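The structure appears below as structure tokens.
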Amino acid sequence: MTKLIYLGCLSRENFKSTCENAIKIIKFFDNEYKIIENPPCCGSLAYHISSDDELKKHIQYINDWFKANDVTELVTICAGCYNYFSRYYQDYLGTDFNVKIRHLLQFLADPKNLRKLDLSYPGKKLNVNYHDACHLRNAVKPIIEEPRTILNAIKNVIFNEMDFNKTNSICCGAGGGVYSIFKENSDFSAKAIFDNMKKSKLLLTACPFCYTALKRIKEENNIEKPIIKFEDFIINLMEGVDPLS
């Protein structure tokens, strides 16, 4: 039986420190979780560009890889991987797909893990916003309340809802080829997310695609409020570091 930490291609290639933080967090709760070198891509992008036959072949290949490595549980930090694994693998493979899929937010929001986490912000008060990523809020098993449960459990952190939140959140404009083809539309959407922040000093996201889009638009427009990936925020608090520093 192998419990797998599945980081996803985008995070593994571009956000190595975030991956290291995620691994620390998961292993803090359960040291049985492992990293397997060079895992195959989940195939989410192939879904949009390949034929059904090619897609089925890839999904079967990944499922065979899971079986060969005796993977029974998987925690991923990628919203796209979570959405794809939990939706299409079951559709194409049915009962032959037996891997328990969880996103890091679900893992952290588990009551037992949340009690062990027992975090607090080292300053007086910290107001935060959370952006609901499309891949998470639109998943077969939507992830909406979990980040709110986690943030509301952190002492000295005040969670504020965005103007557009949960199933009405604004798409960051990073996915589906939007940024590649309709850059102006993508930029408008990403900037609108910052414009909809309420009373908060920082913006959190649990999706590497959203993080990529929001980080870029923040830098291009000299937006002062930081965008922080959820696991980076959590590891800072675990280590007693002010996420704003």
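Observations on the structure shown:
- Ranked list, fewest to most other Cβ atoms within 10 Å of each Cβ, for H58, H135: H58, H135
- Backbone geometry of the range 31-42 corresponds, through the Karplus equation with coefficients 6.51, -1.76 and 1.60 at θ = phi - 60°, to 3J(HN,Hα) couplings of 6, 6, 5, 10, 9, 9, 4, 6, x, x, 5, 5 Hz, x marking Gly and Pro.
- Prolate/oblate/rounded label for the chain (Cα gyration tensor, a/c 1.5): oblate
- Taking amide hydrogens as placed 1.01 Å from N in the peptide plane, the amide H of L126 sits under 5 Å from those of V157, I158, each at least 5 positions away in sequence or on another chain.
- Fully extending the segment from S17 to Y92, taken as 0.36 nm per residue of separation minus the present Cα-Cα distance, adds 23.6 nm.
- Amide H contacts of T2 (H built 1.01 Å from N, in plane; Pro and chain starts excluded): V71, T72, E73 sit under 5 Å, all sequence-distant by 5 or more or on other chains.
- Ranked list, fewest to most other Cβ atoms within 10 Å of each Cβ, for K218, K124: K124, K218
- Using a Förster distance of 30 Å, the FRET efficiency for I144-S51 (Cβ separation, nearest 0.05): 0.35
- Inter-label distance, nm, simple model (7 Å from Cα along the C-beta direction), K27/N221: 3.9
- 3J(HN,Hα) couplings calculated from phi for the range 166-174 with the Karplus curve 6.51 cos²θ - 1.76 cosθ + 1.60 (θ = phi - 60°) are, in sequence order, 6, 6, 9, 5, 7, 5, 6, x, 8 Hz; Gly and Pro show x.
- Per-residue ellipticity at 222 nm from helix content only, as computed over the chain with -39500 (n - 2.57) for each DSSP H run of at least four residues, stands at -13000 deg cm²/dmol.
- DSSP-loop GluC sites (Glu not before Pro) across the range 130-228, with at most 12 other Cβ within 10 angstrom: E224
- For the chain, the longest principal axis of the C-alpha atoms and the axis of helix 52-68 are separated by about 90°.
- Taking the C-alpha atoms only, the angle from helix 208-220 to the longest principal axis of the chain is near 40 degrees.
- Amide H contacts of T76 (H built 1.01 Å from N, under 5 Å, at least 5 apart or other chain): Y6, R102, H103, L104
- Fully extending the segment from L202 to W65, taken as 0.36 nm per residue of separation minus the present Cα-Cα distance, adds 45.4 nm.
- In sequence order, calculated HN-Hα J values of the range 194-201 (Karplus, 6.51, -1.76, 1.60; Hz; x Gly/Pro): 5, 5, 9, 5, 10, 6, 10, 8
- Cβ crowding within 10 Å, taken as a proxy for footprinting-reagent exposure, orders D110, D118 from fewest neighbours to most as D118, D110.
Each reported figure results from applying straightforward, stated rules to the coordinates on display, with no laboratory input. The shown structure was predicted, so the numbers you read here are calculated from the model rather than taken from an experiment. Glycine also receives a Cβ, built like all others from the backbone with ideal geometry; neighbour counts cover every protein chain displayed.
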